[in-house]
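Below is one structure, written out as structure tokens; comments come after it.
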Amino acid sequence: METRAAIPRHSMPDEVQHTYSKFSDWKFKLFRVRSMERAPLPSEPPPPTPSLSTVPSKSQGDVGHPGQPGHAGSVMRLCLGGKSKENVQAASEHMDLKLQEIDAHMDCLKSLCRLCGKSLRKAKGPEHEVQGALEEASRLPLRRMGCKAQAWPEVILKVFKVDVAADMETVHPQAFCHRCWMAAMRGGGFCSFGLTRVPEWQPHTSTCALCFPKRISGAYQRKGRKRAKTLRRAQILAKRTKWETQGSSGGSNKTTLRPLVEQQQAVGSRNSRLKPGAQRALWVKNITHCQKDHLSATLLSENLPVDFLHAITCQVCDHLLSDPVQSPCRHLFCRGCILKYSRALGAQCPACSLPCDATELKSPAKPFVAILHALALQCPREGCGELVRMDSFRAHCLGHLQQRRESMLEANRGDPLRRSSSQGDEDLDGYLPVNKGGRPRQHLLSLTRRAQKHRLKELKNQVRAFADKEEGGDTKSVCLTLFMLALRAGNEHKQADELEAMMQGRGYGLHPAVCLAIRVNTFLSCSQYHKMYRTVKATSGRQIFQPLHTLRAAEKELLPGFHAFEWQPALKAVSSSWDVGILDGLSGWTSSVEEVPADTIARRFRYDVALASALKDLEEDILEGLREQSLDDSLVTGFSVTIKESCDGMGDVSEKHGSGPVVPEKAVRFSFTIMSVSAHVEGEEDSVSIFQEMKPNSELSCKPLCLMFVDESDHETLTAILGPVVAERNAMKESRLILSIAGLPRSFRFHFRGSGYDEKMVREMEGLEASGSTYICTLCDSTRADASKNMVLHSITRSHQENLERYELWRTNPYSESADELRDRVKGVSAKPFMETQPTLDALHCDIGNATEFYKIFQDEIGEMHARTDVPKREERRQWRAALDKQLRKKMKLKPVMRMNGNYARRLMTTEAVEAVCELVPSEARRQALRELVALYLQMKPVWRSTWPARECPDQLCRYSFNSQRFAELLSSTFKYRYDGKITNYLHKTLAHVPEIVERDGSIGAWASEGNESGNKLFRRFRKMNARQSKSFELEDVLKHHWLYTSKYLQKFMEAHKNSAKAMQATINPEEMATVDDSDMLIETQDF
């Protein structure tokens, strides 16, 4: 049975020639296309139809002889309607059309400007080499203007923003015109004042816009525009399709168009014709440029056989083999020549046209290399003529060169004007082979790993020393950068772009952390991400996204329980193990009070393990803060970390999926935020702040610690679940954490502040009565009546320790008092406080509560309650509310809500909303009072809402006491009908306690619970993302992904890859991007 290698490559179409196509083998054998056969010339009789078994094989003597018509290496791929080269060319004029097209393409490039793409003949003035050094006439003027460049590539990069260092002669022109030179000189070598558009040069193809320009359509001719002149050396593509005889009906053998070969020969040499072999050698030399690097076969002293010469010479450049390599088809080439040839003409063997990739090249057999090195070469120096072995030829030539230089120095010593260089002797370097002689040197990739280490030992030490000195020991990045630069130097920009994208974690082969960040931030479940991964891989042919098992490995480094740490002294009643993941929230609770199993599900991290992981997540920020403060590691004795704790109920989180035990569908989340990190410096009393959370109320900075399905009003269950958290917290207050940061053990002490609680949660944790109690404030002991009489002059008196003491009084009643007397003594404490909270104001709920109160004031003013003495009926209040809702909907586009929320409160408390309400108030005096009341409130609001009031609103902060006093006067006088003997708890805290809290903490808004509140929607989204049959596993997934969502490490990756969606789209739809690139290319090259 015939193999694929037995079929000549020139007889195969493109789809059959694919190296890795199994389908192409039997497809070619089953469907023999007649257009693939050699068509007879007009003067020859038609040959008989051959069968598949009579196809000439590779061993029939036609391979490797370019002069024969059937040579596979000299046949261009089938084009021009399926006809082979013999259809348009006689046997005596056989040449390689592809090499000729490349040579013609390079001739076209020589007449064009590299920068503007126009003809060099049209620009009046001299031409300039793109890769050349600056001439004296250019360098001196640029030097006066401050440009210190020495070569044109540097100037072109700055002026035209084009890097020409990696230009190829087969793709880019090597000169630029005088117009572009003038543009560079006008810009002083730094910028361009012209509108020069640099075209995007493309490699030569069968539809090359340079060699085969398109016809100008008739629309231009109808409009009177001139037809663009085509280049003299270019051939029109449409005419190439007429390379046929005129047909049998005419009976004439005259062709309609001379072949492209004859025209290019006439252009290249007008008065003489070159033989095909000489012409092909000339084309190859224009590509390889190895005349000065490789040894010529004329240096051989003996008259060797032709076959032997053919074996020891390169099949590309016809020089003696230099650094020989062998292709899979067993042809020999110089390494540099075959690489340049492959870049210009494709990865195929020049001798037989079989596929020949650069990675498949290998060193020839050792006996052949020994024979090659033993060849006797005659020295080309006059008067020498010594026969020297090829492996010693380099040393021999260097000896001549050294003697010549010494003689010149002696002859010209003391007379610098007589110094001149001999060009003939300098060219001796061109006769130096690459190999140094001795044992044949194998290629690095063919060695064993041990041999590779031995050969690269010195280079590895140098790279490691450089990485330790310059890059902080990152040897991997240095090696990858060297590899990328080597690829770019070899014009392999596609692979270099992929490597650079992989190093930066974007584009092709995204970093696992980027894929994990994309999955978490887009809330993709495992099946959804895996479907996207398979779709992108099948569409683009590349593994852009990482598989799920890679993401799970990246998760482990970011979740608590990965980093080792130690506590000194050891924590009381807490295990010393650090590799602890997600725990059952009920693990420390054996049974409930009624001796029945707990009817709830809870999952949490251990508090100390979570804090260690959060600090490792902030490692880069901590080190950056130390560098900004110029603090040496030896001077820092420890760090202090301030933690804000938050706990809030999430309301109804019921879903329509899942099964398992019956659990309450209300959930509670306990979370924490690292607010600041300060360093203690030796010899200084005050600590130095090195990290400050800039967005303390964002859901991205609020890390979840515990999730539980429980009602926040269930004081008993909530106490039992959060009991271990409180125990761990109290133990960490008395100890310090030893954690490795930047390779050094660091000491951390923690300060906890439970300020992220709303009014309801504070009363639960501190054991206070509900919000409807007589004791309305959680900060002081005032009753509702006392607060309404004196609205401003109150101070913070409550504390966690005092509440514990009052609970003991409530529990024991040591003075045998009545219930009312005992209640008045304990000031509203009715349960045991189980968690310490910071006495502060919840800014978010204060804003909502005050907006709710103003909403009721607006209704009362519409109904003129100040003029009435009776109690309004329910129907009247409904009418007032309906009128207010209608007016707000009409003027402010505010839809009525059943319950006040933050967005509605922010839009309601504005000047525009007050003006809309005043249109419904009948009395002008009442309208003025209402405007003044709202204006005072808007002046006070930024003080408790801003994160840093001293920096963001210093004027309002200074006037707060005056504004609050005036606000209280209006409430007690103008609006006395509503605030006679009563006041809401949030209005009381706003007027009485804000200045004291700001003076103590510096801020109220930064310590609010907004970050925990905004995490409620994340819980619902993550629950939908991780829908599981068991709610226990579902809660674990929600806790894990919520922690990853708040990771600073992943946030930095997402910030650095905001435009990765565009790169991903370009990879998923390469056809669309290819269409865009083609159109851009046509726009750029429209000048020619």
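The values are calculated or read from the model by the stated rules, or taken from the named source; none is laboratory data. Bear in mind that the values here come from a model prediction, so they are computed numbers and not experimental data. With ideal geometry, Cβ positions are generated from the backbone for all residues, glycine too; neighbour counts draw on all protein chains shown. These accessible areas exclude ligands, DNA and RNA; they are computed on the full protein's heavy atoms, side chains included. Shrake-Rupley method; radii C 1.70, N 1.55, O 1.52, S 1.80 Å.
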Q: Filter region 866-883 down to the residues that are open to solvent by 30 Å² or more (accessible area, probe 1.4 Å), not hydrophobic (A, V, I, L, M, F, W, C) and not in a helix (DSSP H, G or I), then identify the one that is farthest from residue 927 (Cα to Cα).
A: 873
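Among the helices (runs of 4 or more DSSP H) confined wholly to region 799-865, which include 3 or more residues that are in contact with a helix residue (DSSP H, G or I) (Cβ under 6 Å, 6 or more places away or on another chain)? Give the steps one after another, and end with the answer.
Details: elements: 800-812, 819-826, 843-862.
Ranges flagged: 800-812, 843-862.
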Q) Inside region 540-561, can you point out the residues that are of a type in the set (S, T, N, Q) and open to solvent by 70 Å² or more (accessible area, probe 1.4 Å)? A) 543
**Q.** Residue list for region 739-766, restricted to those being among the small types (Gly, Ala, Ser), modelled with pLDDT under 90 and either open to solvent by 10 Å² or more (accessible area, probe 1.4 Å) or on the phi > 0 side of the Ramachandran plot (or both)
**A.** 742, 743
Q.
Which pairs turn up if I take residues in region 906-924 that are closer than 19 Å to residue 865 by Cα and of a type in the set (Ser, Thr, Tyr) and look for partners that are modelled with pLDDT of 95 or more and open to solvent by less than 10 Å² (accessible area, probe 1.4 Å) with beta carbon separation below 6 Å, at least 6 apart in sequence or on another chain?
A. none
Q.
One residue is enough: does region 576-596 have a residue meeting the conditions closer than 30 Å to residue 692 by Cα, open to solvent by less than 20 Å² (accessible area, probe 1.4 Å), modelled with pLDDT of 90 or more and not aliphatic (A, V, I, L, M)?
A. no
Q.
Tell me yes or no: at least one residue of region 430-437 is open to solvent by less than 50 Å² (accessible area, probe 1.4 Å), at pLDDT 85 or above and more than 25 Å from residue 289 (Cβ to Cβ).
A. no
Q: Considering only region 174-196, state which residues are assigned to a loop (DSSP other than H, G, I, E, B) and either more than 30 Å from residue 103 (Cα to Cα) or modelled with pLDDT of 85 or more (or both).
A: 174, 177, 187, 188, 189, 190, 191, 192, 193, 194, 195
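Residue-by-condition table, conditions (1) on the phi > 0 side of the Ramachandran plot; (2) surrounded by 20 or more Cβ atoms within 10 Å (Cβ to Cβ); (3) modelled with pLDDT under 85:
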residue: 58; (1), (2), (3): no, no, yes
residue: 77; (1), (2), (3): no, no, yes
residue: 92; (1), (2), (3): no, no, yes
residue: 101; (1), (2), (3): no, yes, yes
residue: 116; (1), (2), (3): no, yes, no
residue: 123; (1), (2), (3): no, no, yes
residue: 144; (1), (2), (3): no, no, yes
Q. Hey, among 171, 155, 159, which residue is surrounded by 14 or more Cβ atoms within 10 Å (Cβ to Cβ), modelled with pLDDT of 75 or more, β-branched (Val, Ile, Thr) and part of a loop (DSSP other than H, G, I, E, B)?
A. 171
Q. Across region 490-531, what is the total count of residues that are at pLDDT below 85 and open to solvent by 40 Å² or more (accessible area, probe 1.4 Å)?
A. 14
Q. Residues in region 396-413: is at least one open to solvent by 50 Å² or more (accessible area, probe 1.4 Å), outside any helix (DSSP H, G or I) and of a type in the set (Gly, Ala, Ser)?
A. no
Q) Pick from region 884-894 the residues that are touching a helix residue (DSSP H, G or I) at 6+ places or on another chain (Cβ under 6 Å) and within 27 Å of residue 1013 (Cα to Cα): which of them is most open to solvent (accessible area, probe 1.4 Å)? A) 892
Q: With the checklist (1) surrounded by fewer than 19 Cβ atoms within 10 Å (Cβ to Cβ); (2) closer than 24 Å to residue 1000 by Cβ; (3) among the aliphatic types (A, V, I, L, M) in hand, flag the one item residue 791 doesn't pass.
A: (1)
(Q) Tell me yes or no: at least one residue of region 695-706 is within 30 Å of residue 827 (Cβ to Cβ) and surrounded by fewer than 18 Cβ atoms within 10 Å (Cβ to Cβ). (A) no
Q) Somewhere in region 362-383, is a residue aromatic (Phe, Trp, Tyr), surrounded by fewer than 22 Cβ atoms within 10 Å (Cβ to Cβ) and not in a strand (DSSP E or B)? A) yes
Q) Counting only residues that are out of contact with any His (no Cβ under 7 Å at 6 or more places or on another chain), surrounded by 22 or more Cβ atoms within 10 Å (Cβ to Cβ) and within 19 Å of residue 106 (Cβ to Cβ), how many does region 312-337 have? A) 2
Q.
Need pairs with beta-carbon distance below 8 Å; first residue on the phi < 0 side of the Ramachandran plot and within region 436-456, second modelled with pLDDT under 85 and in a loop (DSSP other than H, G, I, E, B); sequence gap 6+ or separate chains.
A. 441/435; 455/447
Q: Give the residue, chosen from 771, 782, that is within 24 Å of residue 980 (Cα to Cα), in contact (Cβ under 8 Å) with a residue 12 or more places away in the chain, out of contact with any Gly (no Cβ under 9 Å at 6 or more places or on another chain) and crowded, with 18+ Cβ neighbours inside 10 Å.
A: 782
